[in-house]
Structure formats: structure tokens, C-alpha cells
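Some notes on the structure that comes next.
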Amino acid sequence: MPRVLLIEDDAGVRTAMHRHLTERGFAVTSAATGLAGLAAVTGQRPDLILLDLGLPDVEGIDVLRMIRAVSRAPVLVATARDEEAGIVLALDLGADDYLVKPFGPAHLAARVNALLRRAASPARAAVIEVGGLVIDPAARIARLDGTPLDLAPREFDMLAYLAGRSGEVIAKRELLAEVWQHSYGGAEKTVDVHLSWLRRKLGESATRPRYLHTVHGVGIRLAAPR
Ligand code: CA
């Protein structure tokens, strides 16, 4: 379910957009101010951000600038009809598209879907090879010495992330943030559990590692066996 963050101060507009998007299958979070919106961008890592340019606390343009400093999620800006200069500036600053108010729910959903499609299919992610491990992130296929691995989605994501950075020690906290998309404290156990499942599927163990090496107190490093 794609996660959409809605930053809009007008309660009526916000409620209506929230409802329209929820009805169309999006997981919607909303914020009534620029600052609350920014907190949600970093805290929730939405897949798309809908940003009203006229906000009460911080100029929408400045909110956009701050969003772009921390997120690559597509940003769809919404403006009033007479804000052409604002639209041009927003697009220059990295907004992906804009909507002029008032707009209908179908139009809104179409723009949101188009941006999410575009974001989901950047230049196809390259196939990763580390020793006998071959991972195709786009096709979500992983093979070890030619044999397909039967991995659960999180196991695949974790393996692909580690393999994409092979040779580097990756902190468990980073894995939690990147693979699980949130950084709740104290859940590094989640990483450990998935790591042990992954090891079993790769035919190795913590005491006899081949690809997956635990660096105690630091994190995990994936490397080709010697
Ligand atoms: Ca407004």
C-alpha cells in the first residue's frame, strides 16, 4: 500500500483529500503545518508527498527545500490558481508535478499514481553479483551458485541491501531503517532473526560464515568467500 503524506493546512481540503486517497487504496498520513509535515517526512518515509504551498508556519517553498534535503520521494505541490511563479520555483526546487486548486479526486489520484509509477521504475536496478551470489533486484530473484533461493520478501530485501554494499560493514540500525523503513529502537533482534534465516538458506551459520559475517558491536558485512 503506497504511503502518501499530505501536508495541507485547510482542514476541509485536508479531510476531503485524505478520504479520497484512502478510498483509492493509499495509506495516508496528514499534517496541518510545514513543521509537522517535515517531521513526518523524516519519521515515516512516505512514498509520495502532497504539499500545499500556502502554509501558515513555514512557506511551502521552504518546506519543499527542506524535504529535498532529506528525501527523494516524489513531491506533488498543490497551489491556488494565481501562483504561477510559485509553481515554477517549486519545479525548479525539485517538485515533481503540481496541481492547481480546486481539483477533483480522480485528477488527484491520477497524478499520484503517475508519479508513483515513475518513481518505481527508474533505470532498472542493476543485477548484483558477489561470488556465486547473483541478485536481480528488479525481478526479485536471487541465486546462489545457480540455484534459486526461496526467500521471504524481507530476507530478499536484506540480502540485496547487503550485497549492494558488499565489503562494507552495515550497522543493524541502518538495515532496520532501510529494509524495514523505520528505525524503532531496540528491534535489532528483528535483524538478527532474519539474518539467521538468511544464513540457513545460504547454507551457512554464524560460526561457519561464508557470505554473511557478523562484526561484533558494529554490524554485518557481506563478502564473497575466499
Ligand atoms: Ca493552504
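The values are calculated or read from the model by the stated rules, or taken from the named source; none is laboratory data. Just so it is clear, the structure is predicted and the values come from calculations on it, not from any experiment. Note that we place each Cβ from the backbone using ideal geometry, even for glycine, and neighbour counts take in every protein chain shown.
General remarks:
Let's see how each residue does on (1) under 22 Å from residue 9 (Cα atoms); (2) out of contact with any Lys or Arg (no Cβ under 9 Å at 6 or more places or on another chain); (3) not basic (Lys, Arg):
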site	(1), (2), (3)
62	yes, yes, yes
83	yes, yes, yes
88	yes, yes, yes
129	no, yes, yes
153	no, no, yes
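- Any hit, the stretch 4-18, residues being of a type in the set (A, V, I, L, M), more than 22 Å from residue 104 (Cβ to Cβ) and either within 16 Å of the ligand (Cβ to nearest atom) or at pLDDT 95 or above (or both): no
- Evaluation of residue 36 against (1) crowded, with 19+ Cβ neighbours inside 10 Å; (2) of a type in the set (Gly, Ala, Ser); (3) under 27 Å from residue 174 (Cβ atoms) (one fails), failing number: (1)
- First in the stretch 70-85 and more than 23 Å from residue 4 (Cα to Cα), second anywhere and of a type outside the set (A, V, I, L, M, F, W, C), Cβ under 9 Å, 6 or more apart: 81/101; 81/102; 83/54
- Pair list, Cβ under 9 Å, 6 or more apart: the stretch 42-66 residue in contact (Cβ under 8 Å) with a residue 60 or more places away in the chain, other residue within 16 Å of the ligand (Cβ to nearest atom) and assigned to a loop (DSSP other than H, G, I, E, B): 50/8
- Screening the stretch 137-226 for helices (runs of 4 or more DSSP H) wholly inside it with 1 or more residues that are assigned by TED's automatic domain parsing to the domain that holds residue 43 returns no ranges.
- Of the residues in the stretch 75-96, none is assigned to a helix (DSSP H, G or I) and at pLDDT 90 or above.
- Residue match in the stretch 36-47 (condition: within 15 Å of the ligand (Cβ to nearest atom), within 16 Å of residue 115 (Cα to Cα) and of a type outside the set (Val, Ile, Thr)): no
- Test: residue in the stretch 64-76 that is within 15 Å of the ligand (Cβ to nearest atom) and of a type in the set (Ser, Thr, Tyr): no
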